Amino acid sequence: MSAMIEVDAVSKWFGELVAVSDVSFSLGAGVTALLGPNGAGKSTVLRMLCGLTPPSKGTVRVLGGDPRRDLDVTRRIGLVPQQEALFEGRSALQFVHLAAVLAGVPDPEAAARSALALVELRADDGRPLSAYSKGMRQRVKVAQALVADPDVVVLDEPLNGLDPRQRLHLISLFQRIGDDGRCVVVSSHVLDEVERFGSRVLVMAQGRLAAEGDYHAIRDLMDDRPHRIRIRSDDPRALASGLLGADGVVGVRLEDLDGTVVETLDAAVLRRTLAVVARDRAVRLHEVTPLDDDLESVFRYLVERP
Amino acid sequence: MTPRASTKVRRRLPIYRLVLRSQVTRARLAALVALGVVGVAVGAALGRADRPAEALSDGTVVAGHLLAGARFVNTFGLSLLVPVTALVFAAASLGDPDEEGTLVYLWLRPVRRSRIVLAAAAASYTVAWPVVVVPLALAAAATRGGAHLVVATVASATLALVAYTGLFCALGLVTRRSLVWGLLCVFVWEGFVATAADSAGRLAVRTYSRSVLGDLASVPLSGPEVSAPLRWVVPVAVAVVALVFATWRLRRRDIA
């Protein structure tokens with residue numbers, strides 16, 4: 001795989017806030033998902049890839065050039081930024097046409113119509129963009145990013161606000177562009193969304209690159225972490241003593257008056273064990289709650305693991 | 001026109017049109033046109049009164065309407081209407097897209113940053129010129145100061161607008177509170193500090209535009225003396241330096 005994007009030991013800080021810390025990766029053709037919770041540094045990385053902000057340390061090379069200084073590189077990058085704002089008084093066609101003209105596309109009118117068709121928007125819709133729904137505006141942003149047929153496409157949370165059908169449509173569009181030999185980088189904080197891209201994944205958390213590789217390898221890594229489950233019952237002490245040493249349980253502690261927090265490596269085994277222990281000890285279960293199945297804790301685990 | 005030049009113009013014009021359209025809002029136009037109308041009304045009131053010729057301290061005798069008209073254009077036009085109008089439009093030309101987050105759609109195109117800045121400044125100037133110069137020329141005419149005063153008003157306001165447009169275009173890229181800083185610059189620096197000493201006065205755009213007004217209308221106006229070439233060259237140089245700085249700033253800054 002020849003690298004189209006090379007990020008080498010890049011850090012970025014804003015005053016005292018470290019947004020990105022010592023991140024390195026290289027990307028070739030195809031779709032790469034940048035996964036991480038809000039505030040993980042994904043958007044900052046994407047902005048550096050487009051030259052919108054320089055790294056405080058390290059180097060970013062896109063198509064062999066500096067995306068911040070080299071206008072020939074800029075010409076070959078398409079970006080869907082995260083912010084909502086568009087040139088509100090313009091129609092979708094005018095907005096995308098402007099992008100095509102500024103990019104120096106030979107036939108901007110035809111290119112704009114074609115880009116709007118790619119995202120299933122009507123070029124003859126004369127309404128101003130301010131009258132568009134969030135999903136339509138998102139698709140207009142994608143159209144302006146693709147209008148100049150860029151070699152590198154950077155998409156910051158491009159599926160926000162889209163209905164399920166449009167999500168599927170855009171995911172397949174991005175995959176087609178990637179299969180076509182372009183480098184597509186898509187950020188997301190939704191794990192299931194990334195699965196649909198079915199591609200290489202970079203996981204970011206707390207400004208660091210926490211993991212990278214195939215989606216399934218990352219998923220397995222996430223599933224290997226211990227899970228914490230809180231159980232509320234009418235006799236937590238009896239339940240805790242029954243669970244100690246049981247299959248799949250690596251730790252038990254009492255919490256509050258009726259709570260027991262159990263750590264397990266296999267939530268499915270714990271479910272079976274819990275039912276047996278509760279029945280044998282005549283304990284009535286009130287509530288079983290996983291404590292850290294949210295994405296934030298998954299990312300935290302990936303960052304903190306040795 | 002060569003194909004290369006044609007491509008340059010084709011890429012610059014859309015930015016110019018875009019900024020132009022975004023700047024012309026009803027609220028802005030209404031407020032500034034109202035200010036211009038006030039100027040014309042005051043000019044007419046000055047013209048209605050009888051004004052005998054005045055002998056100045058240097059012995060020069062100046063027609064009363066000409067002197068009153070020139071002083072009014074200097075005080076109202078060059079000190080208020082021109083800088084405030086330039087501030088409203090020029091600071092918004094790149095400041096608004098920056099604040100809204102749409103600047104990225106211009107920045108992330110293979111267009112030289114200087115072209116973006118020039119297009120924005122040109123658009124601001126296009127909107128501001130008629131808003132400023134037409135009412136000021138009408139006001140000058142209404143004072144009955146004569147044709148020379150009208151010509152001097154048009155020339156000095158046009159020249160001052162060049163300098164202020166450049167300055168405030170750059171200011172819009174430097175701070176998000178460009179209106180506040182711009183007003184401080186106009187009223188505190190130019191209106192107060194720069195009047196305290198000749199050396200400080202030479203760092204105010206108003207000094208040069210006032211000098212042009214006085215020279216063309218043949219009316220001595222108070223303020224530092226500025227030589228003939230400087231009064232024309234400095235405002236243009238200020239605009240050029242400010243726009244070069246704005247280009248540098250646009251190239252170096254983070255884009256949201």
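Each value in this text was obtained by applying a stated rule to the coordinates, not by laboratory testing. Quick caveat, the model's predicted, so the values are computed rather than measured. Note that each Cβ is placed from the backbone with ideal geometry, even for glycine, and that neighbours are counted across all protein chains shown.
Observations
- Under a Gaussian network description of chain B, with springs only between Cα atoms under 10 Å, the residue in B:TYR208, B:TYR105, B:TYR164 that fluctuates furthest is B:TYR105.
- Among beta bridges that DSSP assigns inside the protein assembly as shown, antiparallel share in %, nearest 5: 65 percent
- Cα gyration tensor shape of the stretch A:78-158, rounded if a/c is under 1.5, else prolate or oblate by comparing a/b with b/c: oblate
- Shown for the protein assembly as shown: lysine pairs separated by 8 or more places, or found on different chains, whose C-alpha atoms are under 29 Å apart, numbering 7.
- Fraction of the pair-distance distribution of the protein assembly as shown above 39 Å, Cα-Cα pairs, percent: 47 percent
- Cα extents for the stretch A:1-84 along the principal axes, largest to smallest and rounded to whole angstrom: 33, 28, 23.
- Average beta-carbon neighbours from other chains, 10 Å sphere, peptide B:107-116: 6
- Per-residue extension of 0.36 nm, minus the Cα-Cα distance of A:ALA117 and A:ASP256, leaves a gain of 44.2 nm for this segment.
- Once the Cα atoms are used to define both axes, helix B:205-217 deviates from the longest principal axis of chain B by about 50 degrees.
- Dipole axis of the protein assembly as shown (+1 Lys, Arg; -1 Asp, Glu on Cβ), positive-most option in B:PRO130, A:SER114, B:PRO110: B:PRO130
- The string of couplings for the stretch B:111-118 from the Karplus curve (6.51, -1.76, 1.60, θ = phi - 60°) is 10, 4, 4, 4, 5, 5, 5, 4 Hz, one whole number per residue in order, with x for Gly and Pro.
- Surrounding net charge for A:THR32, when Lys and Arg each add one and Asp and Glu each subtract one, Cβ distance under 10 Å: 0
- Beta-bridge orientation, the stretch A:72-220: approximately 45 percent antiparallel, per DSSP, counting only bridges with both partners inside.
- Build a GNM of chain B with springs between Cα atoms under 10 Å apart, and of B:TRP107, B:TRP129, B:TRP232 the one that fluctuates most is B:TRP107.
- Span from the the stretch B:101-175 Cα centroid across to the the stretch B:11-47 one, whole angstrom: 10 Å
- Farthest toward positive dipole pole in the protein assembly as shown [+1 Lys/Arg, -1 Asp/Glu at C-beta], among A:VAL186, A:HIS97, A:ALA282: A:HIS97
- Gap separating the Cα centres of the stretch B:219-237 and the stretch A:7-73, nearest whole Å: 50 Å
- When each of B:PHE245, B:PHE192 is scored by the number of other beta-carbon atoms lying within 10 Å, the sequence from fewest to most is B:PHE192, B:PHE245.
- Normalised by 2.2 N^0.38 Å, where N is the number of residues, the C-alpha radius of gyration of the stretch A:186-280 stands at 1.41.
- Whole-number Å³ per residue for the convex hull built on Cα positions in the stretch B:3-252: 126 Å³
- Peptide packing: for A:133-144, A:108-119, the average count of neighbouring Cβ atoms within 10 Å per residue gives the ranking A:133-144, A:108-119, highest mean first.
- Between amide H atoms placed 1.01 Å from N, distances below 5 Å from A:MET204 occur with A:LEU35, A:GLY36, A:ALA210, all of them 5 or more places distant or on a separate chain.
- Here, P(r) means the percent of Cα pairs in each 10 Å bin from 0 to the largest distance; for the stretch A:90-207 it is 14, 44, 32, 10, 0.
- Subtracting the Cα-Cα distance of A:GLU84 and A:GLU195 from their residue separation scaled by 0.36 nm leaves 37.4 nm.
- Here the simple spin-label model places points 7 Å from the Cα toward Cβ, and for B:ALA41 and A:ARG69 these points are separated by 5.7 nm.
- A convex hull fitted around the alpha carbon atoms of the stretch B:63-111 yields 66 Å³ per residue.
- Helix axis angle, A:295-304 relative to chain A longest principal axis, alpha carbon, degrees: 80 degrees
- Crossing angle, helix B:3-23 versus chain B [Cα axis fit, 0-90 degrees, rounded to tens]: 70 degrees
- For the options A:ARG61, A:ARG230, A:ARG281, a Gaussian network treatment of chain A with springs between C-alpha atoms closer than 10 Å singles out A:ARG281 as fluctuating the most.
- The slack in the chain from B:ALA200 to B:ARG249, taken as 0.36 nm per residue of separation less the alpha-carbon distance, amounts to 15.0 nm.
- Estimated inter-spin distance, B:TRP189 and A:SER24, nm [label 7 Å along Cα→Cβ]: 4.7 nm
- Mean Cα-pair separation over length for chain B, i.e. relative contact order, pairs under 8 Å, 6 or more apart, %: 25 percent
- Principal axis box of chain A, alpha-carbon based, largest edge first, Å: 78, 42, 36
- Antiparallel DSSP beta bridges within chain A, as percent of all bridges there, nearest 5: 65 percent
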